[in-house]
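I have placed the structure first, in the form of structure tokens, so that the comments after it can refer back to it.
The values are calculated or read from the model by the stated rules, or taken from the named source; none is laboratory data. Model, not experiment: these values are computed from the prediction. Quick reminder, even Gly has a Cβ in these numbers, built from the backbone with ideal geometry, and neighbours come from all protein chains shown.
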Protein chains: 2
Amino acid sequence: MYRIAVDVMSGEKNPAELITGALQALKEEPEIELTLIGGYDIISEELAKTDSDSKRLKIENADQIINMDESPIKALRKKKNATVNVGAKLLKENKIDAFISPGNTGSVMAAGLLRVGRIKGVSRPPIAIQFPAVNGSTLVLDNGANTDCSPENLRQFALMGQLYAENVMKVENPRVALLNIGEEKSKGNNLSKESFKLLNSDTRIKNFIGNVEGRDIFSDSVDVVVTDGFVGNVVLKTTEGAASFFLDLLRESFQTNLRSKLAALLLKPYLKKVLKKIDYRQYGGAPLLGVKGVVIISHGSSDGTAIYNAVKTAKNTVKEDIVSLIKSELEKNEELE
Amino acid sequence: MYRIAVDVMSGEKNPAELITGALQALKEEPEIELTLIGGYDIISEELAKTDSDSKRLKIENADQIINMDESPIKALRKKKNATVNVGAKLLKENKIDAFISPGNTGSVMAAGLLRVGRIKGVSRPPIAIQFPAVNGSTLVLDNGANTDCSPENLRQFALMGQLYAENVMKVENPRVALLNIGEEKSKGNNLSKESFKLLNSDTRIKNFIGNVEGRDIFSDSVDVVVTDGFVGNVVLKTTEGAASFFLDLLRESFQTNLRSKLAALLLKPYLKKVLKKIDYRQYGGAPLLGVKGVVIISHGSSDGTAIYNAVKTAKNTVKEDIVSLIKSELEKNEELE
């Protein structure tokens, strides 16, 4: 059984919606044991409204939440019974295999780092996000956990990204690249020049294809893109901004007059497919790789669909035992040092 | 008169197309004197096909071009009669007021820096690009001229960006911000934390609104966004990539069947407006700010429309005398140091 816990309290959407998504996944996945983390009364009240009395379902009481604007580390210390503390503790004590939270990103990350703990040989656990791309998706890491990185950090991101792409995303011989501002190896800033050398010389990165640019993320030319958390987070937010700007322009153009409204109506089913393809909810969340357990950071605005998908992502990540794979690959690092 | 020179030879499109765009601008702007730079025979042959015998039109012979894959500095030294060398020399000798080139970006930049020269008090001239945004555009700088920057570099970018937004883009009291991965001042990497302090304490940056994120570039919340050239270039390419990915998905969805094709046909005029709004050609090119003359770097794939717009941008930039404005503001820097 895959034991997955979901923090249904600290997201922006109401618990009922997140519970519905999680229960849907439980229903479809017979090999899952689900723990819902949050206020006991709130959750049991919601469960009473549903017909789920699955023996594979538990509630774990956590009556505090860390707000989006709180300082993660401080709040983590102060609010002992916050959802993220409770989830991280269960993971640490091996009572669950995966913990999903749509709460304050910094607090989920800090709980992963401080309560669950780093795998030996991993200096800085990165957040790995799947970006939509032609014919699939591209894994970009780090997306904001580590703002200032060393070439060695980036090498570790590459190794972990490779393992995740191969085993969870099921990409054969994944192409790993460094995010840069040109393809030539002499390009970039000091960090990228040094990192290029390191990644290029590490034979454990089996299919290192060199430098790629921002636009390649959405193409079919690369599977894993490595960068520091500052740049990765800028890429993420720029993509979100560009997509929503473009969608707004489209929507506005559809509303011009009767003719445009009619055309938009005719196009609706096809546009839905386009939207689905770029919907961040399709993966439900991003794993914090390199900690001793599966921690999935979901978007604060996650709804039932996002949580449903996050549970499925968590299941696959546990099933492929990414934690052990990273352990056995990255612990070699420690020996090398 | 505003004396503007266009390198019509070193872009990816053929000279005829670029010449047509430049001539169109000449026709519409009576205060322009236009110099076409490139092979004399090629240009005069093209001009013979047109009816332009304007007294405000000159040809300046330059029979070498620097290819897109050449090393800029080396090529600049070796090819004395390359279009970018010729253009930069004319600017340096005050025979023209602005130079536009769609050639190898590194070579245009290097010609600006080495041949035209930096304004006193400007350590690192940045490339400033206008991104499309709700209700107008957002100026982002640097977009790739300087990969590793200091907080002082970013402060100078802010001052130059403010002057450009105010005087050329005609934005009243432009809102200047630092690109970061969160709004709080404690956010970001070492560079952004230090830069925040510097920008925040510089009273010459009249309307510093703090940190913004990648998504804000496309919103109506900021006018000038300051970042280092590595991050700026990643933002630019990510935006290009996301936009073209999204457009491809749309086009594909339009082609699904007869119904979708019909709807797309009906929508065409409205979609055109959307495309126009995100068309990089609308500004025609990006100024290299902080050199002793107006240097506009156009996209390698610039066509007639892009060059037409670049000439107009160049004219406005010369008209507002951005070079003198930067001189009088930034030379104070030198005194401070």
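Among the residues making up region B:154-173, those that are of a type outside the set (A, V, I, L, M, F, W, C), touching a Lys or Arg at 6+ places or on another chain (Cβ under 9 Å) and surrounded by 24 or more Cβ atoms within 10 Å (Cβ to Cβ) are B:Gln156, B:Gln162. For A:Asp51, the conditions (1) out of contact with any Lys or Arg (no Cβ under 6 Å at 6 or more places or on another chain); (2) in a strand (DSSP E or B) all hold with the exception of (2).
Within region A:140-153, being away from chain B (no Cβ under 11 Å) and either surrounded by fewer than 24 Cβ atoms within 10 Å (Cβ to Cβ) or over 16 Å from A:Gly112 (Cβ atoms) (or both) holds for A:Ser150, A:Pro151, A:Glu152, A:Asn153. Taking region B:201-244 as the search range and keeping residues that are within 11 Å of chain A (Cβ to nearest Cβ) and of a type in the set (D, E, K, R), which one is farthest from B:Leu271 (Cα to Cα)? My answer is B:Asp228. Residue-level check: of (1) in a helix (DSSP H, G or I); (2) within 15 Å of the chain's Cα centre (by Cα); (3) not basic (Lys, Arg), A:Leu267 misses just (2). Inspect region B:314-329 for any residue being closer than 15 Å to B:Ser101 by Cα and not β-branched (Val, Ile, Thr) and give the result as yes or no. Within region B:314-329 (the criterion being closer than 15 Å to B:Ser101 by Cα and not β-branched (Val, Ile, Thr)), the answer is yes, since at least one residue qualifies.
Scanning region A:10-38 for residues being aliphatic (A, V, I, L, M) and part of a helix (DSSP H, G or I) gives a total of 7.
Can we say B:Val291 is modelled with pLDDT of 95 or more, touching a strand residue (DSSP E or B) at 6+ places or on another chain (Cβ under 7 Å) and over 30 Å from A:Asp228 (Cα atoms)? Yes: the conditions hold for B:Val291. Evaluated against (1) of a type in the set (Val, Ile, Thr); (2) buried (at least 17 other Cβ atoms within 10 Å of the Cβ); (3) under 27 Å from A:Glu329 (Cβ atoms), A:Thr238 falls short on exactly one condition, (3). The one condition from (1) over 19 Å from the mean Cα position of the chain (by Cα); (2) outside any loop (DSSP other than H, G, I, E, B); (3) over 25 Å from A:Lys27 (Cα atoms) that A:Glu70 does not meet is (2). Scanning region A:245-261 for residues that are surrounded by 15 or more Cβ atoms within 10 Å (Cβ to Cβ) and of a type in the set (A, V, I, L, M), which turns out farthest from the other protein chains (Cβ to nearest Cβ)? Filtering first and then ranking leaves A:Leu247. Does B:Met109 count as closer than 20 Å to B:Val8 by Cβ, surrounded by fewer than 20 Cβ atoms within 10 Å (Cβ to Cβ), aliphatic (A, V, I, L, M) and touching a residue at least 40 places away in the same chain (Cβ under 8 Å)? No: the conditions fail for B:Met109.
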